[in-house]
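Visitor: So that we are looking at the same thing, I have put the structure below in structure tokens.
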């Protein structure tokens, strides 16, 4: 699978509600990061909209499936539109990919739109990839945001 | 003459129930901005946000856009962010440092104290007809580094206003081994489609976590055990908090719940996190305790660490958790729209890990993408929808009503930890501000 196909595959898992299969794309040492600030360098001394290691990400998915996860049940319907895919660097084990994300969310009679710059660090795994690091910089990360209960 | 005279207001806010219109009627919201947010002391921020002369940040006081600025070494001023000429805000940035605020429209410029210093085409104005400068907020005062201001020229002084709730701010500052706090680590700004009062009615509500937060409690119970010293996870402090939200009813009933005559409220002991509770022997906490001992000696350090004030609400716009070093300021936007700014604090001279704990807690529990916060926001929005219905008029705030206990310091204590005493106190303050 080429890199572009892999990113589309990831987006499709989210858009079809296959959260557990999406989670399986991540390596055991993966990090998943939505920084709060523009060009944020550090996730430990500056807050983040989401900063999950693999364990927290797993719990996040489990929580979303709980019948009383009020903000997530039923799950929002989404379209993750991935574009501008570009390989930034590559070595024997990993490949760093930039892309843009246009996301439409519908829930509670309300449609929201997000735009983000995305960076994946992918590890080759047989004929596909696994995600070692995903960073999503929302264009409005520093703005006044309603609660975020979806995955990017 | 307002349609909301004291008698009408007293009909809407009764001792154990309130009329839904106080959450849903835009006319009441307009009046709140004038009479509650226009009269009370409002928390605006912290002196560490304006350390040097000329440092400023912009915020809101109810509907008023304001600039908080260090105008001189020893004075912080609050200016209405609106040009005296044709109304543009003069400062569009969130924060910075400046000598002058120059209006982008016609170049009127104001100094750090708001005094009008330059006006292009000045000869076009009749001598003596120009305004003196930006309108200044009449009362500005700090308490232990926290900046407050009031749009009203007269009223209770800040110390009287804070009353027994001063102890919570004291606790917040005293816990810093260096004797000072600093705002750090970014600001979350989360919004919801609901009335501003809903947040303040939630933060001391011990009966809601088992229901609102059931899903995050369940997830936290599935989480790895908080690590032994040396094997800790970055999120342990947050996992412990989420588990604590699932404490048995008896724990919630046993905690202390106090309210003051000005509508403030605070919560007593209920936590068992080894990073927060003295005597549990966590090595980071022990290192931190040592720093406090170096500063104050063992007795005073012990006294500081044994204060168990948790969530505190300063009515009408602030809520904070001294032990997690988090403070929230609520900005009412409309009757059904509110924005909350969440700040993290670094304790001067504390082990660096303490601040990392604060950030982890902030992300997982209070952040815009938190599993905990987002369930609260969802429920606020559902309440707002419910209150928009005219089929049922009243909301019930009577849990523990009639059993409140008077305390020597003038506060009142709920009969149990889940008493709605703090909601009743907020409405008693509301009624007083609104009826003046």
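The values are calculated or read from the model by the stated rules, or taken from the named source; none is laboratory data. The structure presented is a predicted model; accordingly, all values stated were derived computationally and were not measured. All Cβ positions, glycine included, derive from the backbone under ideal geometry; neighbour counts span all protein chains shown.
Visitor: I'd like to check something: does the stretch B:126-135 contain any residue that is away from chain A (no Cβ under 14 Å), within 21 Å of the chain's Cα centre (by Cα) and buried (at least 17 other Cβ atoms within 10 Å of the Cβ)?
Guide: no
Visitor: If a residue must be at the interface with another protein chain (Cβ under 8 Å from one of its Cβ atoms) and either farther than 14 Å from residue B:375 by Cα or touching a strand residue (DSSP E or B) at 6+ places or on another chain (Cβ under 6 Å) (or both), how many such residues does the stretch A:61-80 contain?
Guide: 1
Visitor: Within the stretch B:371-385, take every residue that is within 8 Å of chain A (Cβ to nearest Cβ) and either at positive phi or in contact with a helix residue (DSSP H, G or I) (Cβ under 6 Å, 6 or more places away or on another chain) (or both) and give me the one that is modelled with the lowest pLDDT.
Guide: Among those that are within 8 Å of chain A (Cβ to nearest Cβ) and either at positive phi or in contact with a helix residue (DSSP H, G or I) (Cβ under 6 Å, 6 or more places away or on another chain) (or both), it is B:371.
Visitor: Mind listing just one residue for me: the one in the stretch B:339-349 that is more than 10 Å from every other protein chain (Cβ to nearest Cβ) and crowded, with 17+ Cβ neighbours inside 10 Å and, of those, nearest to the chain's Cα centre (by Cα)?
Guide: That would be B:345.
Visitor: Okay, next question. Could you tell me whether the stretch A:61-82 includes any residue that is more than 15 Å from the chain's Cα centre (by Cα), over 27 Å from residue B:368 (Cα atoms) and not in a strand (DSSP E or B)?
Guide: The answer is no, given that none of the residues of the stretch A:61-82 is more than 15 Å from the chain's Cα centre (by Cα), over 27 Å from residue B:368 (Cα atoms) and not in a strand (DSSP E or B).
Visitor: Would you check if there is a residue in the stretch A:71-80 being more than 23 Å from residue B:192 (Cα to Cα) and surrounded by 15 or more Cβ atoms within 10 Å (Cβ to Cβ)?
Guide: yes
Visitor: Taking the options B:297, B:256, B:263, name whichever one is over 27 Å from residue B:363 (Cβ atoms) and surrounded by 22 or more Cβ atoms within 10 Å (Cβ to Cβ).
Guide: None of the others qualify; the one that does is B:263.
Visitor: Let me ask you something else. Does residue A:9 count as more than 14 Å from chain B (Cβ to nearest Cβ) and either out of contact with any helix residue (DSSP H, G or I) (no Cβ under 6 Å at 6 or more places or on another chain) or over 22 Å from residue A:146 (Cβ atoms) (or both)?
Guide: In short, yes.
Visitor: Residue check: is residue B:62 under 30 Å from residue B:110 (Cβ atoms) and in contact with a helix residue (DSSP H, G or I) (Cβ under 7 Å, 6 or more places away or on another chain)?
Guide: Judged against the criteria, residue B:62 is a match.
Visitor: Counting only residues that are closer than 28 Å to residue B:25 by Cα and either in contact with a helix residue (DSSP H, G or I) (Cβ under 8 Å, 6 or more places away or on another chain) or crowded, with 23+ Cβ neighbours inside 10 Å (or both), how many does the stretch B:321-330 have?
Guide: Taking the stretch B:321-330 as the starting set, the residues that turn out to be closer than 28 Å to residue B:25 by Cα are B:328-330.
Next, from what is left, pick out any that are either in contact with a helix residue (DSSP H, G or I) (Cβ under 8 Å, 6 or more places away or on another chain) or crowded, with 23+ Cβ neighbours inside 10 Å (or both): B:328, B:330.
Final tally of qualifying residues: 2.
Visitor: With a cut-off of at least 3 residues that are in contact with a strand residue (DSSP E or B) (Cβ under 9 Å, 6 or more places away or on another chain) and crowded, with 21+ Cβ neighbours inside 10 Å, name the strands (runs of 3 or more DSSP E) lying wholly within the stretch B:1-118.
Guide: It comes to B:42-46, B:55-61, B:64-72, B:75-80.
Visitor: Next question, about the same structure. Only one of (1) on the phi > 0 side of the Ramachandran plot; (2) in a loop (DSSP other than H, G, I, E, B) fails for residue B:185. Which number is that?
Guide: Single failed check for residue B:185: (2).
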